[in-house]
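**Q** Here it is, the structure, as structure tokens.
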Amino acid sequence: MSKKKVRYSEILPKTHQWPIVNLAKNRKKFTEEVTEEAFTNILATSRGKSLREELEMTVYREKLRIKANPWKVDPEDEKDFWKYIQDKLAESQNEENSREVEEEILREIILRYANEIAGNFKSSSYRFARGVITFGFARLLNAARVKGFTSLFSRQLDLDDKIHIVGEPEHIRKLAKIGTVVMVPTHFSNLDSILIGWVIQFLGLPAFIYGAGLNLFNIKIFAYFMNSLGAYKVDRRKKNPVYLEALKTYSSLALRWGCHSLFFPGGTRSRSGEIEKSLKLGLLSTAIEAQRILFQKKGEQARKIFIVPVTINYQFTLEAPSLINEHLKRTGQERYYQESDEFSSSYKIATFLLKFFTKGSDISISIGKGMDILGNYVDDQGHSYDKNGNLIHTKDYFVTDGQITVDPQREQTYVRILAQRIVEEYHKYNRVFASHLVAYTAFKMLERKNPKLDLYSILRLPDEDLELDYKEFKKAYKKLRKRILKLNKKGKTGIADHLTDKAEDAIRLGLDNVGMYHAQRPLIRKDEKIIIQNPNTLYYYHNRLVGYGLEKYI
Amino acid sequence: MASKNISKPVGVIGAGSFGSAMANILAEKSDKILLYARTPEKAAQIEKARESAGQKLSSNIEVTNELSRIGDECDVIFPMVPSANFRNMMRDLSPHLRPYHIMIHGTKGFDYSITEDFKPTEANPLTREHVQTMSEVIRAESSVVRVGCLAGPNLAKEIAEHKPAATVVASEFDEVIKVGQRLLKTDRFLIYGSNDLIGIELCGILKNIIAVGAGMISGLKLGENAKALFISRGLVEMVHLGKVLGGNAQAFLGLAGVGDLMATCNSNLSRNYTVGYRLAQDEKIEQIISSMEEVAEGIKTIDIVHELASTYKIRVPITETLFRIIHNDMTVEDAQTYLMKFPFRVEIDFL
């Protein structure tokens, strides 16, 4: 008898009710509103520069960017536009109406940015795109696992057999009905965006908007998919304050228009393998600002913005070797020498996909408990409460002397508090797998054996120094596991089921799985020895357990 | 003449010497102060005499024993409660607190929250998780986030006598610092601000250790050279400790660090100094504690820091020596010999 599969109905079955569709339908109005708001915000913040200086700086930086770093996706009229702005600015310099002209120019620039950022969501494309992905992956899954010629057409296995959704899926559905959800997933691999996209539609939620790097739109087919799935464009080359303000306003206003959003607050894939520790706070701050503005407009009746952390638990990450190399190069500078070379990436992707679907190593995605913008848990009705179960009025965080006041420094501090809460939740929902633990144990033992060496020297140890005694290893593993089980009891972290198996079995499972898809496995057992074959990737997987204070227990 | 807004009263929790002094200063600038005393008897006694901790109370200070009123009627609250009672007080107050509250505390001690049977071991060490500052307790026990602290050379008796002084209001929130300035600044009381909340809190907490030692040196009549040697080495120890426990070195070099250290180590108005002084006179610690009306936080801090130092593997010779004296493991005379022989680190490597 087959297990009954959980299926989620769509919370908004009529696509035209989706906030993202509303945004796309009213694109012009929306970008105009973004422009007006960003304009007001920029004028209100003095950065010690006059408006003219600010504009001149922007023109200068943009012209530099066009020359030094052009991309395929850049519009053809760019050079002309910035020349036009430069000329207009110069001509008005000593005129009586110079201020008026400067403001006009500011508006023109912001509007251009807003139009570039804005996505082009079409619900028909969305359904098509996600259909392709789900169908494609599901076919692969069946072809790889179910035997027989007809397996290609089998319906036996669906993606949710491979990707387990745990945590609070019902809760997020309820929150999406009564408020606006900001999902913040951990980000280790390029696969994450696709996975999260699949999870969102699987849970019956309307499409989310999210910021995708503009460079991803260089390839037409990617651009099609990105647009269809709800992306707006973030150009990381542009660091000028006008662009950043336009971007933040876009995000803030979209939230206020009810668009559920996806932020990867780590900013980019975790290069070191550690769970995000210092989150990029820029876009996260727009959630707080948006909530405050909603309270200003509608008081206690305002729609609430809910933050939902999501952890993606893999036993491995395909890109581990290149990511860790990038990280080590950046942090170690001349102390780090890159030794191994990479081979062609499309070959790797193909082998990876094949191995992923044929072998073990399922993925589990933990949907965290919803929180308000200060990190307080919320119940199914969206009410915030503290650890004693007392009701918290989120609006109060913005109140002084009985009224809501606008205090940017206060909101900046609130973002740091929210970020800390998200990181705490990541650690809680992260599930410790045997593969992480064997990597952690092995690497830490290596550190302890070489107390005088720094990280980079350890990574360059000769082969004979990369062997550990199995008995000692097992002992250390058990000690660390004890601490992890204790943390699990306290609710500070999740664990995979197999972690409670006999140490011998769990260690074997861990060794089999750690870095199994890489060209060279980081760790293997040979009789009574544990051999470290690749300390770099070992370091990467060990990093997954940083942040739990385990160093004191080995 | 424009009509005055009836603003909410400012709350002060704790009618000890510092709490009473602060209530009087606040009363100069605010329409009404609500002062909370822990027991109904105390509240009645204070109200009857219109005097608290030997200080006459301003007429616009209302005394109460109802903690709920502080939460319900005030927006800004100044808790001035000994560290041992702080968490319990917060638990009682918490249902009446909301995120719009601003709390600026003046307690210079650690909260030591462990279960009765907790025994620190190598496998289960005492960490900063178990030992918290008051701002951390406020954040942990309530929905209040806009928290600050007061620190600096603020001997309560001198402030009560209207002698000039200054204090630091530390908070992550500029808003809280501004509120502190607005409510406390007078022509005799200067208010400085700092964003390093934990650092400033640690200044106030750790200087109490050094104050005990300074009192001892005075009690032994060893002279000014010895005391100065001790205090300057003490400052170095404080900074190293402070950095490990979460603060920045800068905090210790200002008013809340050096400033407070100087005032506390040179005055018999300081409780911690007095404890050290009396230990040097061969009084027993139990006797000293029981005879004091108000708590000297330094003693508990010495015990806690002794334990934390071993967890975080830092050398704290002064704290260790004081720990051993308090637990009758070393005589004051032996301590003197030990410290004079100890190879102190000469480097000021924390700048």
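The values are calculated or read from the model by the stated rules, or taken from the named source; none is laboratory data. What you see is a predicted model, and the numbers here were worked out from it, not measured in a lab. Cβ sites come from the backbone with ideal geometry, for glycine too, and all protein chains shown count toward neighbours. Quick note on the areas: whole protein, heavy atoms, side chains included, nothing else; ligands and nucleic acids left out. Shrake-Rupley method; radii C 1.70, N 1.55, O 1.52, S 1.80 Å.
**Q** In region B:243-283, what residues are farther than 14 Å from B:S218 by Cα and assigned to a loop (DSSP other than H, G, I, E, B)?
**A** B:L245, B:G246, B:G247, B:N248, B:L253, B:G254, B:E283, listed by residue number.
**Q** Restricting attention to region B:95-112, which residues are more than 14 Å from every other protein chain (Cβ to nearest Cβ), open to solvent by less than 10 Å² (accessible area, probe 1.4 Å) and in a loop (DSSP other than H, G, I, E, B)?
**A** Passing the criteria: B:G109, B:F110.
**Q** Here is a further query. When region A:432-457 is examined, which residues are found to be surrounded by fewer than 19 Cβ atoms within 10 Å (Cβ to Cβ) and not in a loop (DSSP other than H, G, I, E, B)? Quick ask: steps written out before the conclusion?
**A** Looking only at region A:432-457, we keep the residues that are surrounded by fewer than 19 Cβ atoms within 10 Å (Cβ to Cβ), and these are A:444, A:447-457.
Hits for region A:432-457 are A:K444, A:E447, A:R448, A:K449, A:L455, A:Y456, A:S457.
**Q** Another question about this same structure. Of all residues in region A:230-248, which are part of a strand (DSSP E or B) and open to solvent by 10 Å² or more (accessible area, probe 1.4 Å)? Walk me through how you get there before you give the answer.
**A** Within region A:230-248, the subset part of a strand (DSSP E or B) is A:231-234.
Matches in region A:230-248: A:K233, A:V234.
**Q** Right, next: Of all residues in region A:389-400 being more than 8 Å from every other protein chain (Cβ to nearest Cβ) and over 27 Å from A:P169 (Cβ atoms), which is surrounded by the fewest Cβ atoms within 10 Å (Cβ to Cβ)? Step through it out loud before you land on a result.
**A** Just the residues of region A:389-400 that are more than 8 Å from every other protein chain (Cβ to nearest Cβ), to begin with: A:389, A:391, A:395, A:398.
Keeping just the survivors that are over 27 Å from A:P169 (Cβ atoms) gives A:395, A:398.
Numbers: A:K395: 21, A:F398: 23.
Across region A:389-400, the extreme among qualifying residues is A:K395.
**Q** Evaluate the following for B:P125: is it part of a loop (DSSP other than H, G, I, E, B), at pLDDT 95 or above and either within 17 Å of B:E297 (Cβ to Cβ) or within 14 Å of another protein chain (Cβ to nearest Cβ) (or both)? Talk me through it step by step, then tell me what you get.
**A** Numbers: part of a loop (DSSP other than H, G, I, E, B): yes; at pLDDT 95 or above: no; either within 17 Å of B:E297 (Cβ to Cβ) or within 14 Å of another protein chain (Cβ to nearest Cβ) (or both): yes.
No.
**Q** Further, regarding this structure: Could you list, in sequence order, the residues of region B:50-88 that are of a type in the set (K, R) and exposed (fewer than 15 other Cβ atoms within 10 Å of the Cβ)?
**A** Across region B:50-88, the qualifying residues are B:R50, B:K56.
**Q** Is at least one residue of region A:401-424 in a strand (DSSP E or B) and open to solvent by less than 20 Å² (accessible area, probe 1.4 Å)?
**A** From region A:401-424, those in a strand (DSSP E or B) are A:403-404; that's our starting set.
If we keep only those that are open to solvent by less than 20 Å² (accessible area, probe 1.4 Å) too, we end up with none.
Checking region A:401-424: not a single residue is in a strand (DSSP E or B) and open to solvent by less than 20 Å² (accessible area, probe 1.4 Å).
A quick yes/no check of all residues on (1) under 23 Å from A:G494 (Cβ atoms); (2) surrounded by 19 or more Cβ atoms within 10 Å (Cβ to Cβ); (3) modelled with pLDDT under 90; (4) of a type outside the set (A, V, I, L, M):
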| position | (1), (2), (3), (4) |
| --- | --- |
| A:G148 | no, no, yes, yes |
| A:S151 | no, no, yes, yes |
| A:I163 | yes, no, yes, no |
| A:V166 | yes, no, yes, no |
| A:R173 | yes, yes, no, yes |
| A:M183 | yes, yes, no, no |
| A:I196 | yes, yes, yes, no |
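**Q** On to the next question. I'm checking my understanding of the structure. Among residues of region A:376-388 that are facing another protein chain (nearest Cβ under 10 Å) and out of contact with any Ser or Thr (no Cβ under 8 Å at 6 or more places or on another chain), which one is nearest to A:I307 (Cα to Cα)?
**A** Quick first cut of region A:376-388, residues facing another protein chain (nearest Cβ under 10 Å) only: A:376, A:384-388.
Retained after the next criterion (residues that are out of contact with any Ser or Thr (no Cβ under 8 Å at 6 or more places or on another chain)): A:385, A:387.
Values: A:Y385: 14, A:K387: 17 Å.
So the residue we want is A:Y385.
**Q** Something else now. Kindly indicate whether any position in region B:83-94 is touching a residue at least 24 places away in the same chain (Cβ under 8 Å), touching a Gly at 6+ places or on another chain (Cβ under 7 Å) and hydroxyl-bearing (S, T, Y).
**A** Checking region B:83-94: at least one residue is touching a residue at least 24 places away in the same chain (Cβ under 8 Å), touching a Gly at 6+ places or on another chain (Cβ under 7 Å) and hydroxyl-bearing (S, T, Y).
**Q** Can we say B:L245 is among the aliphatic types (A, V, I, L, M) and either buried (at least 24 other Cβ atoms within 10 Å of the Cβ) or more than 15 Å from the chain's Cα centre (by Cα) (or both)?
**A** Numbers: among the aliphatic types (A, V, I, L, M): yes; either buried (at least 24 other Cβ atoms within 10 Å of the Cβ) or more than 15 Å from the chain's Cα centre (by Cα) (or both): yes.
Yes.
**Q** Mind listing whichever residues of region B:152-177 are more than 14 Å from B:M103 (Cα to Cα) and of a type in the set (A, V, I, L, M)? Steps first, answer last, please.
**A** Of all residues in region B:152-177, those more than 14 Å from B:M103 (Cα to Cα) come to B:152-168.
Of everything in region B:152-177, those that are more than 14 Å from B:M103 (Cα to Cα) and of a type in the set (A, V, I, L, M) turn out to be B:L155, B:A156, B:I159, B:A160, B:A165, B:A166, B:V168.
**Q** Only one of these is farther than 17 Å from B:C203 by Cα, of a type in the set (A, V, I, L, M) and free of Cβ contacts under 8 Å to residues at least 24 places away in the same chain: B:I288, B:I326, B:I314. Name it. Quick ask: steps written out before the conclusion?
**A** Working: B:I326 fails: free of Cβ contacts under 8 Å to residues at least 24 places away in the same chain; B:I314 fails: free of Cβ contacts under 8 Å to residues at least 24 places away in the same chain.
Within the list B:I288, B:I326, B:I314, the selection yields B:I288.
**Q** When residues of region B:128-161 are filtered for being within 12 Å of chain A (Cβ to nearest Cβ) and of a type in the set (D, E), how many remain?
**A** Total meeting the criteria: 2.
**Q** Another question about this same structure. All but one of (1) in a strand (DSSP E or B); (2) out of contact with any helix residue (DSSP H, G or I) (no Cβ under 8 Å at 6 or more places or on another chain) hold for A:L468, so report the exception by its number.
**A** Every condition holds for A:L468 apart from (2).
**Q** Out of the helices (runs of 4 or more DSSP H) lying entirely within region A:1-77, which hold 1 or more residues that are within 29 Å of A:S125 (Cβ to Cβ), at pLDDT 95 or above and open to solvent by less than 70 Å² (accessible area, probe 1.4 Å)?
**A** A:27-44
**Q** Restrict the check to region A:473-486 and report whether at least one residue is open to solvent by 80 Å² or more (accessible area, probe 1.4 Å), closer than 15 Å to A:H427 by Cβ and either within 14 Å of another protein chain (Cβ to nearest Cβ) or small (G, A, S) (or both).
**A** First pass over region A:473-486, keeping only residues open to solvent by 80 Å² or more (accessible area, probe 1.4 Å): A:475, A:478-479, A:482, A:486.
The next check asks that each one be closer than 15 Å to A:H427 by Cβ; those that pass are A:486.
Checking which are either within 14 Å of another protein chain (Cβ to nearest Cβ) or small (G, A, S) (or both) leaves us with A:486.
Checked region A:473-486: at least one residue is open to solvent by 80 Å² or more (accessible area, probe 1.4 Å), closer than 15 Å to A:H427 by Cβ and either within 14 Å of another protein chain (Cβ to nearest Cβ) or small (G, A, S) (or both).
**Q** Considering only region A:116-137, state which residues are surrounded by fewer than 17 Cβ atoms within 10 Å (Cβ to Cβ) and within 30 Å of A:R61 (Cβ to Cβ).
**A** Scanning region A:116-137 gives a single hit, A:N120.
**Q** Out of the residues in region A:513-554 that are at pLDDT 85 or above and of a type in the set (D, E), which is surrounded by the most Cβ atoms within 10 Å (Cβ to Cβ)?
**A** Among residues in region A:513-554 that are at pLDDT 85 or above and of a type in the set (D, E), the one surrounded by the most Cβ atoms within 10 Å (Cβ to Cβ) is A:E528.
**Q** Follow-up. Of everything in region A:94-134, what is modelled with pLDDT under 85 and part of a helix (DSSP H, G or I)? Give them in sequence order.
**A** Result: A:S123, A:S124, A:S125, A:Y126, A:R127, A:F128, A:A129, A:R130, A:G131, A:V132, A:I133, A:T134.
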